[in-house]
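Student: Here you go, one structure.
Nothing in this text is a laboratory measurement; each read-out follows from the coordinates by a stated rule. Quick caveat: nothing in here was measured; it's all calculated off a predicted structure. Positions of Cβ are generated from backbone atoms using ideal geometry, with glycine treated the same way; all protein chains shown enter the neighbour counts.
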Amino acid sequence: MSAVPKIRIRGLVKRFGEKLVLDGINLDVPTGTSMVVIGGSGTGKSVLLKCILGLIAPDEGSIEIDGKDVLAANGAGREDLRANIGMLFQNGALFDSLKVWENVAFGLLATHAVSRANARARAGEILAQVGLDATVGDLSPAELSGGMQKRVGLARAIAGGANILFFDEPTTGLDPIMGAVIDGLIVDCVKRLGSTAIAITHDMASARRIGDQAAMLYKGRIVWQGAADDLMDSANPMVDQFTHGRREGPIQMELRK
Amino acid sequence: MTALIAAVGRGVLLTLSTAGAIALFALNALSHLVRPPFYGRLFLRAFIEFSYFSLPVVSLTAIFSGMVIALQSYAGFSRYGAASAIPNIVLISVVRELAPVLAGLMVAGRVGAAMAAELGTMRVTDQIDALTTLSTNPIKYLVVPRLLAGTLALPLLVLVADVLGVMGGWLVGTAKLGFNSHLYLANTADFLQTMDVVVSLAKAAVFGFLVALMGCYHGYNSRGGAVGVGAATTNAVVSASILILAFDYVLTELFFAK
C-alpha cells in the first residue's frame, strides 16, 4: 500500500447559507481501499462526494488525489483528474434521451475517441461485466427496472477504466437480493480495476459487503473511523445507535416543527 | 415607508443579479461555440425540434394573422376610401412584426418550455452532474447546440411565416373583400422591400436565441424536484415572451424609426 493516500481530505468546510454542512472533514483513503461513509440523511455525505468530484466548491480545506490538489487544478487539470473517476449516482442518473448502450459508452462517444460501431461493441462487453445481456443496450433507460438501471449506471462508471470509483447510495430502493447483487458487482469491479472506492450508504449490510474501511459522518464531522467489519461493534455510541437503528442514543433526530 | 423602499431595492437588486447571471450564462455558452468538441448530432436534433416540428403551429398562426389583419384593416381603411392599401398593410404588418413576434412566442411556448423541462429534469435527477463526471462540459453539450439551433431555425420559420401570412391576407382579400388576385399580388410585390425581409429575419434570429437562452438558463438552474422543474418551465416561457416583445421594440426603433 502506497504511503501517500489516494485521496486526502483536510479541513473541508462547506456552508449553504447559514447552514454548516461539512465542518472540517479530515479523511484519508489509501490506494486500493474501499471506504464506506455512513450517516443519517442530511449529514453531508453526498456533499462530501460532490466536493471531491468538483461539482460543489468547498468554502475551506483541501482535497488531494494522488498528491495533487484538486481544488487548485485548472479546467484541464480537473478534467484529467475526473477522467480517472467513475461515479454511480443514487438514482442511476442515466441519460434518458439516449439508449442504454449510448449511456454506457458515453465517455467514448463524447470524446469521439472511437467510432459508434466500436463504442457499441465495447458497451456490450461492459454490460456483460455487470451481468446484463448486450441486447439490453438497445433499450431506453425508462424501460429498465431499478436494479437494471443501477447496473447500467455501474457499467457507465467503470467504462472508462476509472481508478477511483464513487458510489452514492448504491442499494437504495432495491430489494435485499438485488442490493446484494449490486454490492457483489461493485466489489468485483473495484477488485478487477484495482480501484480505490468511496461509497456512501445507509444500508449496513451493504456497508459491510462493500467496505474495507468505514467512517461515520454526523453533523458535518467524522465522528468515527475504523474497519468496516467493526461497524456493528465499534464501541462508539453514535455508530452503535446508527448501525443498530436505535431510537434512543446520542444522535438526536432534529424534527422540524 | 422604509420597508417599501427596502422591498423595491431588493427587487431591483434581484432583477439586476438575475440579468447578470443570464448574461454570464450566455457568454459562457458563446465562448464554447468555436472550441471543440462539437456536437453536430445534438445540434441537428435541436434544429429539427425548433424548425420542422414547430412548422405547423407557426404556419397556422401566420395564416390566421394575415387573414385577421386583412379583415381588420379593411374595416378601418374602407371608411376613408383607402381599401387599396390593404395588401401593403398586410405585408408590412406580417413581415415587419407579426411573423417574427408571433413565431417567437409560439416557439417559446412549444420549444422553450420543452427545453426548460428537459434540462430541469436532467438537473434534478443528477444527469447534469453525471455529464460533468464523464468529463463532458454540460454547457457545451446541452446549451450550445440549442442556442445555435434556436438562432438558425427561427429565421427559417419566419421566412415561411412571412409567405403564409401574406397569403392569408391574399386569401381574405380575394375571396371575401373583392380584390383582384393578380393586382393584390402585384401590389404586394411592388411594396416589398429587401430591408423589411432582412430585418424580419434578423429579429427572428434574435428571438430564437432568446427563446433557447431562457429555456436553457431556467432549466439548467432549476432546483427542488418537480415543483422546481414546473417553475423553470413557466419562467422560461414568461421571460422569453417578455424579452421577445422588449427586443422587438428595440430592434424596430433601431431599424425603422426615422
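Student: Go through A:177-183, B:43-49, B:153-159, B:232-238 and give me the packing order, highest mean Cβ count within 10 Å leading. Please report the intermediate quantities before stating the final value.
Tutor: Numbers: A:177-183: 18.6, B:43-49: 16.9, B:153-159: 24.3, B:232-238: 21.7.
Ranking, from highest mean packing down: B:153-159, B:232-238, A:177-183, B:43-49.
Student: Enumerate the lysines that A:Lys19 could reach by cross-link, defined here as Cα to Cα under 25 Å, with residues fewer than 8 away along the same chain left out.
Tutor: A:Lys45, A:Lys50, A:Lys219, A:Lys257
Student: Would you list, by chain and number, the lysines whose Cα falls below 20 Å from the Cα of A:Lys99, excluding same-chain residues fewer than 8 positions away?
Tutor: A:Lys150
Student: Just to be sure I understand: with springs between alpha-carbon atoms less than 10 Å apart, which residue in B:Leu134, B:Leu13, B:Leu147 has the highest mean-square fluctuation in the Gaussian network model of chain B?
Tutor: Of B:Leu134, B:Leu13, B:Leu147, the most mobile in the Gaussian network model is B:Leu13.
Student: Based on the Cα atoms of chain B, what semi-axes does the equivalent ellipsoid have, where each is the square root of 5 times one gyration tensor eigenvalue, given in whole Å with the largest first?
Tutor: Values: eigenvalues 306, 95, 48 Å².
Whole-Å semi-axes of the equivalent ellipsoid: 39, 22, 16.
Student: Order by neighbour count: A:Asp133, B:Asp162, B:Asp196, fewest other Cβ atoms within 10 Å first, most last.
Tutor: Values: A:Asp133 9, B:Asp162 26, B:Asp196 18.
So the residues, fewest neighbours to most, are A:Asp133, B:Asp196, B:Asp162.
Student: Relative contact order of chain B: what whole-number percent is it, with Cα pairs under 8 angstrom and at least 6 residues apart? It would help to have the intermediate numbers written out before the result.
Tutor: Values: 342 pairs, mean separation 78.1, N = 258.
It comes to 30 percent, rounded to a whole number.
Student: I need B:Leu164, B:Leu148 ordered by Cβ neighbour count within 10 Å, fewest first.
Tutor: Details: B:Leu164 20, B:Leu148 23.
Lowest count first: B:Leu164, B:Leu148.
Student: In debye, nearest 20: dipole of segment A:100-161 around its Cα centre with unit charges on the Cβ of K, R (+) and D, E (-)? Walk me through the numbers before you get to the answer.
Tutor: Values: 6 positive and 5 negative charges, 34 e Å.
So the magnitude is around 160 debye.
Student: Could I ask something else about it? Evaluate the relative contact order of segment A:100-161 (contact order divided by residue number), counting alpha-carbon pairs under 8 angstrom at least 6 apart; express in whole percent.
Tutor: Across segment A:100-161, relative contact order equals 44 percent.
Student: Restricting to Cα pairs below 8 Å that are 6+ residues apart, what does the relative contact order work out to for chain A? Please round to a whole percent.
Tutor: This gives 23 percent for chain A.
Student: Which one of B:Thr151, B:Ala240, B:Leu131 is farthest out on the positive end of the charge dipole of chain B, using unit charges on Cβ (Lys, Arg +1; Asp, Glu -1) and the Cα centre as origin?
Tutor: Looking along the dipole axis, the top candidate is B:Leu131.
Student: Taking B:Lys203 as the anchor, which aspartates and glutamates have their alpha carbon closer than 19 Å to its alpha carbon, excluding any fewer than eight residues away along the same chain?
Tutor: Reachable aspartates and glutamates: B:Glu97, B:Asp162, B:Asp248, B:Glu253.
Student: Then there is this: P(r) for the protein assembly as shown, please, calculated from all Cα pair distances in 10 Å bins and given in %.
Tutor: In whole percents, the pair-distance histogram is 4, 16, 22, 20, 15, 10, 7, 4, 2, 0.
Student: Using +1 at the C-beta of Lys and Arg and -1 at the C-beta of Asp and Glu, which of B:Val101, B:Ile89, B:Ser73 has the Cα lying farthest in the positive direction of the dipole of segment B:16-126?
Tutor: The residue sitting farthest along the positive end of the dipole is B:Ile89.
Student: For chain A, report the translational diffusion coefficient in µm²/s to the nearest whole number, using Stokes-Einstein at 37 °C, 0.692 mPa s, and a Kirkwood Rh over Cα pairs. Working shown, then result.
Tutor: Values: Rh = 19.0 Å.
Stokes-Einstein gives a translational diffusion coefficient of 173 µm²/s.
Student: Using the membrane-span-like helix rule (whole DSSP H runs, Cα extent along the own axis of at least 30 Å, mean Kyte-Doolittle hydropathy at least 0.0), which helices of chain B qualify? It would help to have the intermediate numbers written out before the result.
Tutor: On the way: long enough: B:2-31 (43 Å, 1.61); B:55-77 (32 Å, 1.55); B:144-175 (46 Å, 1.66); B:194-220 (39 Å, 1.32); B:225-256 (45 Å, 1.49).
Membrane-span-like by this rule: B:2-31, B:55-77, B:144-175, B:194-220, B:225-256.
Student: Could you tell me which of A:Ile65, A:Gly184, A:Ser206 has its Cα farthest along the dipole of chain A towards the positive end, charges placed at Cβ (Lys, Arg +1; Asp, Glu -1), taken about the Cα centre?
Tutor: Farthest along the dipole direction, towards plus: A:Ile65.
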